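Working notes, beginning with the structure itself.
We did not get these values from a lab; they are worked out from the coordinates using the rules stated. Nothing here was measured: the structure is a model prediction, and the numbers come from that model. A quick note on method: Cβ atoms are made from the backbone with ideal geometry, for glycine too, and the neighbour counts reach across all protein chains shown.
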Amino acid sequence: MKLKIGDPAPMFTATATDGSPIKLSDYFGTKLILYFYPMDDTPGCTKQACSLRDHSAEIRDKGAAILGVSTQDVKSHQDFTEKYNINFPLIADTDAAVAQAYGAIGSGSSLTGLAKSLFGVANRITFIIDESGHIAHIIDTPNCANHGEEVLKLL
């Protein structure tokens, strides 16, 4: 089932970069930028994370928090965070449960979509969740290098 604007955001509990549990309900009352990305420390994913990092103060000023989600483990997220000074949590979705709940793993019958599903690699998609826990915006094809700006325009 593909999520659409106005749908309730699927609830989740997962592990954050620091190893602590993190859940969607932690963010009720604030806007949340929940972005899914394929893999730590790859060119596009690094550009995307760094763009959000560079605009995180402006995003916070607009009442929003940022969470990144990929299927790598906590150690991979810690290394990525340290290397690029990422200033928001990354979720270690190692069983792809969060990505599956958001329809962000594999897609369609394309060869790339099937390969991503087989290897448990998340698609690149961003959900902006409003203060009440509903999907306010979906960015299906984020511009990695300018993702922070894309998000700011929608807040």
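If you count, for each residue, the other Cβ atoms within 10 Å and average over each peptide, how do 139-148, 88-97 line up from highest to lowest?
The densest-packed peptide leads the list: 88-97, 139-148.
Gaussian network model of the chain, Cα springs within a sub-10 Å range: biggest mean-square fluctuation belongs to which of Ala101, Ala64, Ala49?
Ala101
For region 31-154, what D do you get in µm² per second when you plug the Kirkwood radius from alpha-carbon pairs into Stokes-Einstein at 4 °C and 1.567 mPa s?
90 µm²/s
At 222 nm, what helix-only mean residue ellipticity would the chain give, in deg cm²/dmol to the nearest 500, using -39500 (n - 2.57) for each DSSP H run of four or more?
Mean residue ellipticity at 222 nm (helix-derived): -9000 deg cm²/dmol.
For each pair in Lys31/Lys75; Lys4/Lys153; Lys2/Lys31; Lys47/Lys75; Lys23/Lys75, compute the distance between the two Cα atoms and list the pairs where it is over 24 Å.
Listed pairs above 24 Å: Lys31/Lys75.
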